[in-house]
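First the structure, in the form of C-alpha cells, and then the observations on it.
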Amino acid sequence: MDKKQMKEIKQRMRRPIVMIGLMGAGKTRIGMALAKALEIPFYDSDHEIEDAAGMDIPTIFERFGETYFRDGERRVLQRLLDQGLCVVATGGGAVMNAQTAEIIWTRSVCVWLRADLATLVKRTSRTDHRPLLKQGDPGEILGNLIEARYPTYEKADIVVDSFDGPVNELVDDVLEKLHAYLTKHG
Ligand code: S3P
C-alpha cells in the first residue's frame, strides 16, 4: 500500500469499519493493526460488553444466557458506530442477530475475515474463553457454524482470506480491498 493510496482511503472514509468472521478468524488482531495503520480508534465489542456488564463473557452466558448477551452486543455496536470513524471487531455471532446485522450493514463498511476450518480450530484451541466451543467438539461446532453463518457473512462489503501469515500482510490485503471499495462506492 503506497502513501497515495493510503491518503485516498483516509479522504474517502465516511463510515466506521466493522470486522466480522468466525471465532479465530483474527478480527481483533487484524482490526487492531488496521486501526493503527489508519490512525483511528479500535474497539473490541466483546471487551466493551464485558466492561458494560462488569463480568466476562463466559459468566454472562452462564448467568443470563445467549439472548441477554446478544441484546448487549446490539446496544454496544449501536453506541460504537455512533462515535465516528473507528475499527470495531465484533464477536462471531453479531451479524446473526437481525437487528445487529441491520446496524452493521447500513452504518459501516463491513469486512469479513474468511478462514478455513483447520485454521479456525488451530487458532481457537489456544484459548479457553469461548462458551460456544465448550458445548462439544470444537471442530464439529466450528464446522456447523461455517455452514450456518458463511451465507450471511457473504453479505459483507469486503471479503479477505485470513491465512496464517504476518499481520501486516493481512492488513495490506484489507487496505487494498478497502481502497478498491471506496474508489467504487465512495
Ligand atoms: C461468539 C463469538 C465470541 C463471543 C461469544 C460468542 C459467537 O467472539 O462474542 O463467545 O457467537 O461466535 P469472538 O468471535 O471474538 O471469539
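Within 11 Å of the ligand (Cβ to nearest atom) and more than 16 Å from the chain's Cα centre (by Cα): which single residue out of 39, 62, 66, 73 fits that description?
66
Using the structure shown, decide if residue 111 is within 12 Å of the ligand (Cβ to nearest atom), open to solvent by less than 30 Å² (accessible area, probe 1.4 Å) and not in a loop (DSSP other than H, G, I, E, B).
no
Give the residues of region 76-99 that are under 15 Å from residue 48 (Cβ atoms), away from the ligand (no atom under 11 Å from the Cβ) and not charged (D, E, K, R), sorted by residue number.
Listed by number, the residues that qualify are 77, 78, 80, 81, 83, 86, 87, 88.
If we keep just the residues of region 72-99 that are assigned to a helix (DSSP H, G or I) and of a type in the set (Val, Ile, Thr), which is nearest to residue 42 (Cα to Cα)?
My answer is 76.
For region 28-46, which residues satisfy the criterion of being open to solvent by less than 20 Å² (accessible area, probe 1.4 Å) and within 23 Å of residue 151 (Cα to Cα)?
Answer for region 28-46, where residues must be open to solvent by less than 20 Å² (accessible area, probe 1.4 Å) and within 23 Å of residue 151 (Cα to Cα): 30, 31, 45.
Within region 75-85, can one find any residue that is open to solvent by 30 Å² or more (accessible area, probe 1.4 Å) and within 18 Å of residue 132 (Cα to Cα)?
no
Search region 156-176 for residues being of a type in the set (D, E, K, R) and free of Cβ contacts under 8 Å to residues at least 40 places away in the same chain, and hand back the single one that is surrounded by the fewest Cβ atoms within 10 Å (Cβ to Cβ).
169
The values are calculated or read from the model by the stated rules, or taken from the named source; none is laboratory data. None of the values given here were measured: they were computed from a predicted structure. Here the Cβ is made from the backbone with ideal geometry for all residues, glycine too, and neighbour counts use every protein chain on show. Side chains included, ligands, DNA and RNA excluded: accessible areas come from the protein's heavy atoms. Shrake-Rupley method; radii C 1.70, N 1.55, O 1.52, S 1.80 Å.
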